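Trainee: Below you'll find the structure I mean.
What follows is calculated from the coordinates using simple rules that are stated; it is not laboratory data. Note that this is a predicted model, so its numbers are computed, not measured. Note that each Cβ is placed from the backbone with ideal geometry, even for glycine, and that neighbours are counted across all protein chains shown.
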């Protein structure tokens, strides 16, 4: 038993969770569901508690502690944004092509669905200006309390710029403090990850026990379209990018497979972030690049979520028997491309953005109620691809900056 790696334990926990959820459904075993929810929530809360100090300390040490001039930071930011925009645009158009080819919305009956929940979600307005404003924290402590990752990154960068202009003992004191905090938080991550199989198994059990596998019968084509298109996205976009950037794919995957499993099983990008950070550092990538690109990508490089939005939006039109011209679909994709940049700013973000887009283009909001039945299953796929895409973006930026390691300095963690 001791020879099993943490990745293998997580895989075992996922299978166990599926079996528990299937044979002990929530409707018949409410107490079991309550216990599983509590276990999953405890794990996620522990993960969230370490994100802010880990990100802040590593980013400060990475920028202010290695004599980097601010031109490097600006160059990395510009290259990252360009990369994010290109890849997420490819994801959108791949999703658009797949949903028009497969047409999973044909034959779906919306007459029994209610648009109440979708109308509520559509009330949350997301604008580009609002997203930009949301990036800037009005209080570091407020941002830390709500785990606003992008705001923490923004504050940490400005703090690092200010610290880099300080000389003598004050600067060394802050660098020593942040360096020590970073080391402690990595040890903290290791302790929390020991609990991961229990939290992940419970999360899977809740998902299967609540939604059941039977829901896939009516919306199986939609789920298969998403999963299949995400697989094509990996093969047609992510792997060629890795090859062009000369990223050793097998070795890269050996380091990120555990964070990927965490993201897939919990449907939470935050849950996988600390472990992804740790594994990418073991892969040999510089802390400075990891601490900037990985959390920034959580707002600007959500490949899985943007591809999902393209499929779900056209699915709604198909289910509502609304024929959209190619031009209308392109306009909707442009809208989704802009509004999806704010997905980290609101709860249930993908559904909020989808509801807003459907309302804007006069498409039936009842489709959101139908999608809700399988959203948990689709969320697992899109979240895990978000994680893989951001890990790859970090490696590509390291290569682009000339800081990609020729050899991996640390073996894969057991």
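Trainee: How do 337, 380 rank when sorted from fewest to most other Cβ atoms within 10 Å of their own Cβ? Don't jump to the answer; show the numbers that get you there.
Mentor: Working: 337 18, 380 21.
If I rank by nearby Cβ atoms, fewest first, I get 337, 380.
Trainee: So which residue, out of 73, 396, 293, gets the largest mean-square fluctuation from a GNM of the chain using Cα contacts under 10 Å as springs?
Mentor: Of 73, 396, 293, the most mobile in the Gaussian network model is 73.
Trainee: Would you compute, from DSSP H runs of 4+ residues alone, the mean residue ellipticity of the chain at 222 nm, taking -39500 (n - 2.57) per run and dividing by the full residue count, rounded to the nearest 500? Intermediate values should be presented prior to the final figure.
Mentor: Details: 19 runs with 311 residues, N = 414.
Only helices count here, giving -25000 deg cm²/dmol.
Trainee: Taking the 0 to 90 degree range and rounding to the nearest ten, how far is the long axis of helix 303-319 tilted relative to the main principal axis of the chain, both from C-alpha atoms?
Mentor: Roughly 10 degrees, rounded to the nearest 10.
Trainee: Among 148, 401, 258, determine the one that fluctuates most according to a GNM of the chain built with springs between C-alpha atoms less than 10 Å apart.
Mentor: Result for the chain, Cα springs under 10 Å: 401 fluctuates most.
Trainee: Could I ask something else about it? What do you get for the angle between helix 287-300 and the principal long axis of the chain? Use alpha-carbon atoms, 0 to 90 degrees, nearest ten.
Mentor: Here the helix axis deviates by roughly 20 degrees.
Trainee: Given a Förster distance of 51 angstrom, what is the FRET efficiency for residue 177 paired with residue 251, based on the Cβ-Cβ distance and rounded to 0.05? Kindly include the intermediate steps, with their values, before the conclusion.
Mentor: On the way: r = 34 Å, r/R0 = 0.67.
Between residue 177 and residue 251 the formula returns 0.90.
Trainee: Here's a follow-up. Over the chain, with a Gaussian network built from C-alpha contacts below 10 Å, which listed residue (170, 197, 364) shows the highest mean-square fluctuation?
Mentor: The residue that fluctuates most here is 170.
Trainee: Further, regarding this structure: Kirkwood Rh, segment 133-249, all Cα pairs: how many Å?
Mentor: On the way: mean 1/r = 0.0510 Å⁻¹.
Kirkwood hydrodynamic radius for segment 133-249: 19.6 Å.
Trainee: Using Cα pairs under 8 angstrom and six or more residues apart, how large is the relative contact order of the chain, in percent? Write out the running numbers ahead of the final one.
Mentor: On the way: 578 pairs, mean separation 138.1, N = 414.
The normalised contact order for the chain reaches 33 percent.
Trainee: Moving on to the next point. Can you give the angle from 0 to 90° between the axis of helix 269-283 and the longest principal axis of the chain, with both taken from C-alpha atoms, to the nearest 10?
Mentor: For 269-283 against the chain, the angle is about 40 degrees.
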